[in-house]
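The values are calculated or read from the model by the stated rules, or taken from the named source; none is laboratory data. All values reported here derive from a predicted model rather than from experimental measurement. Methodologically, a virtual Cβ is constructed for each residue, glycine included, from the backbone with ideal geometry; neighbour enumeration extends over all protein chains shown.
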Amino acid sequence: MPLNRLFGVISLLLMSLFLALAGKIVDSEWTVYERSTKSIPVIRKLHLALQVEEKLVIERGATTLLLQQDLQDGEAVRARLLPARAASDHALRNLRQVLREQASPWLAPVTANVQLTEQSLAAARQDVDLLAAEPKAQRDPGTVAAATGMIMNTMDAFAPAIAALSSAAIQSDRQLDDGVASAQLASSLRDVAGQMVSTLAAPIVARRPLTAQERYAFVKLSGQADQLYAVIELQLRGYSHKPDFKAALQIIRDHSLGEGLDLLTNLFVTGRSSGNYGLSPDEMVASYVPKMAAIPGLRDLIVADMIREAEQRNLRARNFLLATVGLVFLALGIFVLLLRVIRRRVLRPIVDATDLFVSLANERLATAIPTPRYDDEIGDMMRAIHVLNAHSQERSCLEKEREELIAQLQAASDTDFLTGLLNRRAFFAHGGHQFGIAQRYRRQLSLILMDVDHFKAVNDQHGHHAGDQVLCKVAELSGRWRRKVDLLARYGGEEFLLMLPEIDLEHGRAVAEKLRGEIEACHFQLEEGVSIKITASFGVVAFDHDDTLENLIVRADQALYKAKDGGRNMVMALPREPGQGVRGSAQDGSDWCRAGAQRKGVEDFH
């Protein structure tokens with residue numbers, strides 16, 4: 001059979017099998033399998049986030065109740081809140097651990113939100129502990145409200161994490177829309193129930209009637225609870241055939257919203273006319289909170305059902321994929337047969353030639369080129385590749401020489417010829433990049449401006465060559481205290497600049513002080529055998545709302561001026577005072593240059 005006819009028949013069989021089988025699998029079942037696979041971990045993360053919200057609601061209620069009571073013992077305060085706080089910390093820790101186990105770009109905002117929630121919660125707890133330890137009579141109502149509001153703000157700060165995980169779950173599988181909405185509604189219902197208890201806590205503790213604001217808040221929350229339950233029932237109509245859901249809804253209707261709301265409503269009715277509630281806040285919580293357990297139970301039931309449905313869809317899709325593997329192997333067998341027929345006659349020389357061309361294109365010039373066996377078109381192509389390889393090697397050598405020359409010129413243009421440090425131009429190029437990072441991301445950055453004291457006297461007494469030796473030695477000492485990320489440059493004359501990224505003002509001052517001591521302790525040996533002592537003055541500043549690098553240098557120059565004016569051989573760290581401006585111009589830097597010139601004039605006078 002001719003090769004073209006054989007290739008056509010085999011190709012037709014192969015295309016028919018792939019169109020009939022592989023197209024069906026990839027386009028339909030693989031999509032179902034992939035969505036269900038991705039949705040399951042997202043649902044679990046959402047479940048953990050909803051549990052965090054539940055624990056924060058409980059801690060908020062416990063905190064609100066505690067702040068209405070009089071516990072002057074700090075240990076007693078922490079003991080009352082310890083179980084609720086431990087539950088919140090445990091829930092946050094579980095969520096954070098799961099987020100770390102799956103590194104994904106879209107999870108980064110959720111992780112950051114969890115960290116922000118933990119920080120806000122820690123700050124709120126600290127304020128609550130301090131406030132609760134005071135006698136109740138000394139507590140300012142506004143401060144109590146603010147402390148309670150901080151816990152509420154913590155819950156608000158965590159809300160974007162739940163929204164992001166809910167959106168991700170729905171995007172991964174649209175069939176989860178009703179389940180995710182129902183789970184969120186159940187969590188909201190539990191939150192509203194907790195707020196109703198918190199509304200009645202203060203009047204019960206104080207044995208006083210409800211204020212108009214408290215009555216309005218309770219009625220509003222009661223209406224919200226009824227609305228949320230109605231929406232939950234509407235959302236779960238598709239689950240009415242499942243006994244577990246019917247039982248959970250019945251428990252919520254009879255106990256959580258029946259007996260529980262009846263208890264609160266009776267207290268509300270009593271509080272409208274008198275403060276004789278007949279029970280303590282702890283007794284109210286002990287009677288009401290257990291009835292609320294059915295609401296998180298419904299939420300957990302919804303989440304478990306979503307996971308079960310996703311796993312079933314995943315299993316069905318996987319089984320269908322496995323059932324078609326035999327047909328795929330058959331198609332692969334036909335494909336292998338086709339390759340074996342045409343490999344020796346067409347494909348092998350073409351593949352070899354293609355690999356050689358790719359190697360030349362990627363500049364892998366050491367690739368061995370086989371000697372052509374036949375005097376035909378393939379042989380002519382191989383000989384042409386030999387010629388192209390030789391030309392490519394020659395061009396590569398020329399390009400490497402040019403790159404080395406460019407690198408040498410670049411290094412020479414950026415380096416101070418005497419000290420080997422960065423020159424002023426290179427410092428502004430590299431330092432501007434570091435300054436931009438600190439300015440954009442509000443990162444810490446310190447700048448040290450150093451000036452060798454009485455350097456003019458060294459030049460006058462020992463000659464300019466000795467002055468050059470001193471500058472080189474100072475540059476060497478400065479380099480010992482420099483990290484890889486720090487920028488050290490000769491700013492001009494006997495002045496040096498040291499930029500310290502991720503370093504605050506206090507640590508920058510410490511670095512400058514160490515360098516000052518190192519220079520003061522060093523004996524500078526000149527070539528003529530003379531040993532001299534040198535000191536240096538330092539100005540240290542830290543980035544603080546500076547709009548340009550030049551303005552930061554101006555502030556460092558001001559600090560250095562104060563060090564010079566204060567007697568030299570000292571470090572002056574200059575924090576930026578509130579409302580303080582900086583001398584200099586963001587456009588051309590002429591003012592800060594004049595500031596430096598004025599300082600030099602004063603130094604020469606001294």
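Somewhere in segment 526-543, is a residue among the basic types (Lys, Arg) and farther than 13 Å from residue 448 by Cα?
So far as segment 526-543 goes, yes, one or more of its residues are among the basic types (Lys, Arg) and farther than 13 Å from residue 448 by Cα.
For residues in segment 462-490 being under 43 Å from the mean Cα position of the chain (by Cα) and either among the β-branched types (Val, Ile, Thr) or more than 17 Å from residue 515 (Cα to Cα) (or both), which is surrounded by the fewest Cβ atoms within 10 Å (Cβ to Cβ)?
Among those that are under 43 Å from the mean Cα position of the chain (by Cα) and either among the β-branched types (Val, Ile, Thr) or more than 17 Å from residue 515 (Cα to Cα) (or both), it is 485.
Every residue in segment 116-142 that is of a type in the set (S, T, N, Q) and either surrounded by 13 or more Cβ atoms within 10 Å (Cβ to Cβ) or touching a helix residue (DSSP H, G or I) at 6+ places or on another chain (Cβ under 6 Å) (or both), please. Full working, then the answer.
So the first thing to find is which residues in segment 116-142 are of a type in the set (S, T, N, Q), and the list is 117, 119-120, 126, 138.
Within segment 116-142, 117, 120 meet the criteria.
Taking the residues in segment 9-46 that are under 29 Å from residue 174 (Cα atoms) and small (Gly, Ala, Ser) as candidates, determine which candidate is surrounded by the most Cβ atoms within 10 Å (Cβ to Cβ).
39
With the checklist (1) touching a strand residue (DSSP E or B) at 6+ places or on another chain (Cβ under 8 Å); (2) assigned by TED's automatic domain parsing to the domain that holds residue 534 in hand, flag the one item residue 419 doesn't pass.
Of (1) touching a strand residue (DSSP E or B) at 6+ places or on another chain (Cβ under 8 Å); (2) assigned by TED's automatic domain parsing to the domain that holds residue 534, only one is false for residue 419: (2).
Conditions (1) at pLDDT below 85; (2) outside the structural domain of residue 68 (by TED's automatic domain parsing); (3) in contact with a Leu (Cβ under 7 Å, 6 or more places away or on another chain), marked per residue:
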| residue | (1), (2), (3) |
| --- | --- |
| 206 | yes, no, no |
| 209 | no, no, no |
| 217 | no, no, no |
| 224 | no, no, no |
| 229 | no, no, yes |
| 232 | no, no, yes |
| 240 | yes, no, no |
| 243 | no, no, no |
| 255 | yes, no, no |
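For residue 171, are the conditions met, namely being part of a helix (DSSP H, G or I) and more than 30 Å from residue 233 (Cα to Cα)? I'd like the intermediate steps shown before the answer.
Numbers: part of a helix (DSSP H, G or I): yes; more than 30 Å from residue 233 (Cα to Cα): no.
In short, no.
May I ask you to list the residues in segment 430-461 that are assigned to a helix (DSSP H, G or I), in contact (Cβ under 8 Å) with a residue 12 or more places away in the chain and either more than 28 Å from the chain's Cα centre (by Cα) or not assigned by TED's automatic domain parsing to the domain that holds residue 493 (or both)?
Looking only at segment 430-461, we keep the residues that are assigned to a helix (DSSP H, G or I), and these are 430-441, 455-461.
Still in the list and also in contact (Cβ under 8 Å) with a residue 12 or more places away in the chain: 430-432, 434-435, 437-439, 455-456, 458.
Residues satisfying the conditions are 455, 456, 458.
Quick check on residue 232: is it over 17 Å from residue 58 (Cα atoms), in contact (Cβ under 8 Å) with a residue 12 or more places away in the chain, of a type in the set (A, V, I, L, M) and in contact with a Phe, Trp or Tyr (Cβ under 7 Å, 6 or more places away or on another chain)?
Values: over 17 Å from residue 58 (Cα atoms): yes; in contact (Cβ under 8 Å) with a residue 12 or more places away in the chain: yes; of a type in the set (A, V, I, L, M): yes; in contact with a Phe, Trp or Tyr (Cβ under 7 Å, 6 or more places away or on another chain): no.
So residue 232 does not fit the description; no.
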